[in-house]
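> Have a look at this one before I ask anything.
The values are calculated or read from the model by the stated rules, or taken from the named source; none is laboratory data. This structure is a prediction, so every number in the text was calculated from the model and none was measured. All Cβ positions, even for glycine, are placed from backbone atoms using ideal geometry, and neighbour counts span all protein chains on display.
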Amino acid sequence: MAMLEVRGVSRFFGGLAALTDVSFSLEQGEILAVIGPNGAGKTTLFNVVNGFYPASKGEVFFKGGRISGLQPHKVCQRGIARTFQVVKPLQRMTVLDNVIASAFLKAPKRDEAEALAIDMLKFTNLYDDRDVISKGLPLGKRKRLEIARALATQPEVILLDESFAGLNPTELNESIEIIKKIKAKGITIMIIEHHMKVIMAISDRIVVLNYGEKIAEGTPEEIRNNKLVVEAYLGVAQNA
């Protein structure tokens, strides 16, 4: 059974179709990348999966159970966490308290939540910054804090929305290693990213969106050699 199934999902904003009849599955333990040009519907897809937007048509299933229509916190309680393209930590709180707040989702006692948060900060190489007020963090660390907060909810699936955007080469390599460690923990990953060298290196499969429609799905090698994808996206990216 697939961990996550998106079945015929469409999302309309007034008369505009942001997603049209999108279907795919996410298998346990894999890294599935969602790529496409700006405005292709990638983040809208994440918003539908985690309940931020209801699907206009279609359904989403998690481990065989329908999650369409659930509120985001209910989806997270089921085991699907996410990060956001624009990181929004609790700016007046310390790095540690940011992660503790997320850990309370499944760790009801303060000492349990703090222990879990400390583990996640060590996992994401942020432990030395635990007492820093989060608004003072540079972008690379704020991106990792976003991942630590998501992991603190103890998910089975994590949705990563452009976790590499804006990182320098050192931060990029560090984040790649963290994602590999997430996979090694048995957590299934779906990731949106424009950094194609990274996507081709870490993904097991890739789904390509263009104008809200799925135009291709396959292994990195299959996607790299797909003429439709090259014309719609990869050719532009490679020449940029």
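> Mind checking whether some residue in segment 14-36 is under 23 Å from residue 106 (Cβ atoms), surrounded by fewer than 17 Cβ atoms within 10 Å (Cβ to Cβ) and in contact with a Phe, Trp or Tyr (Cβ under 7 Å, 6 or more places away or on another chain)?
Checking segment 14-36: not a single residue is under 23 Å from residue 106 (Cβ atoms), surrounded by fewer than 17 Cβ atoms within 10 Å (Cβ to Cβ) and in contact with a Phe, Trp or Tyr (Cβ under 7 Å, 6 or more places away or on another chain).
> Considering only segment 1-38, how many residues are within 25 Å of residue 197 (Cα to Cα) and free of Cβ contacts under 8 Å to residues at least 60 places away in the same chain?
2
> Mind checking which residues of segment 47-75 are closer than 13 Å to residue 23 by Cα and of a type in the set (A, V, I, L, M, F, W, C)?
Once the filter is applied, which keeps residues that are closer than 13 Å to residue 23 by Cα and of a type in the set (A, V, I, L, M, F, W, C), segment 47-75 yields 48, 49, 55, 60, 61.
> Here is a further query. Run down 147, 133 and say which single residue is farther than 25 Å from residue 198 by Cα, in contact (Cβ under 8 Å) with a residue 12 or more places away in the chain and not charged (D, E, K, R).
None of the others qualify; the one that does is 133.
> A follow-up question, please. In a helix (DSSP H, G or I) and closer than 19 Å to residue 31 by Cα: which single residue out of 118, 100, 147 fits that description?
That would be 147, the only listed residue that is in a helix (DSSP H, G or I) and closer than 19 Å to residue 31 by Cα.
Rundown of residues vs (1) buried (at least 21 other Cβ atoms within 10 Å of the Cβ); (2) of a type outside the set (Ser, Thr, Tyr); (3) modelled with pLDDT under 95, yes/no style:
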{"site": "175", "(1), (2), (3)": "yes, no, yes"}
{"site": "194", "(1), (2), (3)": "no, yes, yes"}
{"site": "197", "(1), (2), (3)": "no, yes, yes"}
{"site": "211", "(1), (2), (3)": "no, no, yes"}
{"site": "219", "(1), (2), (3)": "no, no, no"}
{"site": "224", "(1), (2), (3)": "no, yes, yes"}
{"site": "227", "(1), (2), (3)": "no, yes, yes"}
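> While we're looking at this one, here's another question. If residue 206 satisfies all but one of (1) surrounded by fewer than 22 Cβ atoms within 10 Å (Cβ to Cβ); (2) more than 17 Å from residue 121 (Cα to Cα), what's the number of the condition it fails?
(1)
> Provide a single number: the residues in segment 55-76 that are surrounded by fewer than 21 Cβ atoms within 10 Å (Cβ to Cβ) and touching a residue at least 40 places away in the same chain (Cβ under 8 Å).
7
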